[in-house]
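First up is the structure itself, then whatever we jot down about it.
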Amino acid sequence: MKDVSDFLEANMAANMALYCRLDIGIHYDGWTLSDTANYLRDYGIEDDATVKLLYNTMIEEPALYPQYGIGYLEFIELRDTAKEELGEDFVLKDFHEFVLNIGPAPFSIIEDRLDGWMDGYSDLADKK
């Protein structure tokens, strides 16, 4: 099961990176539909309908995917920091609860609160 979850996480990250690059290519570099098709062909995506769908999605929602792609990377960095700091005491569910309890906030605020959470979390783990 771990192999499946690792694969799904890697697949999602790869797709997000691809979408981010498409968004930047189209909106910053000025890619046409043809440029986009050429780029996607390098990744084995050759179906015209799929290429058009991806291109039109990027056109309709400019700068949508980079914010999610960068946000994903920020959360991974926070998670990895907590995993490294807490070691065997790290529980992913507890990390998710920590993030959700903060609510919508800039990553700088979440990062500032992470140290306090890890200190309190370590204290709880020591008492168990």
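Among the numbered conditions (1) of a type outside the set (A, V, I, L, M); (2) in contact with a helix residue (DSSP H, G or I) (Cβ under 8 Å, 6 or more places away or on another chain); (3) over 23 Å from Pro106 (Cα atoms); (4) surrounded by fewer than 17 Cβ atoms within 10 Å (Cβ to Cβ), tell me where Pro62 comes up short.
Going through (1) of a type outside the set (A, V, I, L, M); (2) in contact with a helix residue (DSSP H, G or I) (Cβ under 8 Å, 6 or more places away or on another chain); (3) over 23 Å from Pro106 (Cα atoms); (4) surrounded by fewer than 17 Cβ atoms within 10 Å (Cβ to Cβ) one by one, Pro62 breaks only (3).
Which condition breaks for Ala82 when tested against (1) closer than 30 Å to Thr32 by Cα; (2) in a helix (DSSP H, G or I); (3) under 20 Å from the mean Cα position of the chain (by Cα)?
With (1) closer than 30 Å to Thr32 by Cα; (2) in a helix (DSSP H, G or I); (3) under 20 Å from the mean Cα position of the chain (by Cα) applied to Ala82, the lone miss is (1).
Being within 30 Å of Ile110 (Cα to Cα) and in a helix (DSSP H, G or I), is that true of even one residue in the range 32-49?
no
Give the range 53-79 a look and list any residue that's of a type in the set (S, T, N, Q) and either more than 30 Å from Ala37 (Cα to Cα) or modelled with pLDDT under 95 (or both), or say none.
Taking the range 53-79 first, the residues of a type in the set (S, T, N, Q) are 56-57, 67.
Listed by number, the list holds a single entry, Gln67.
The values are calculated or read from the model by the stated rules, or taken from the named source; none is laboratory data. Values in this document were obtained by computation on a predicted structure and should not be read as measured data. Cβ atoms come from the backbone with ideal geometry, glycine included; neighbour counts cover every protein chain shown.
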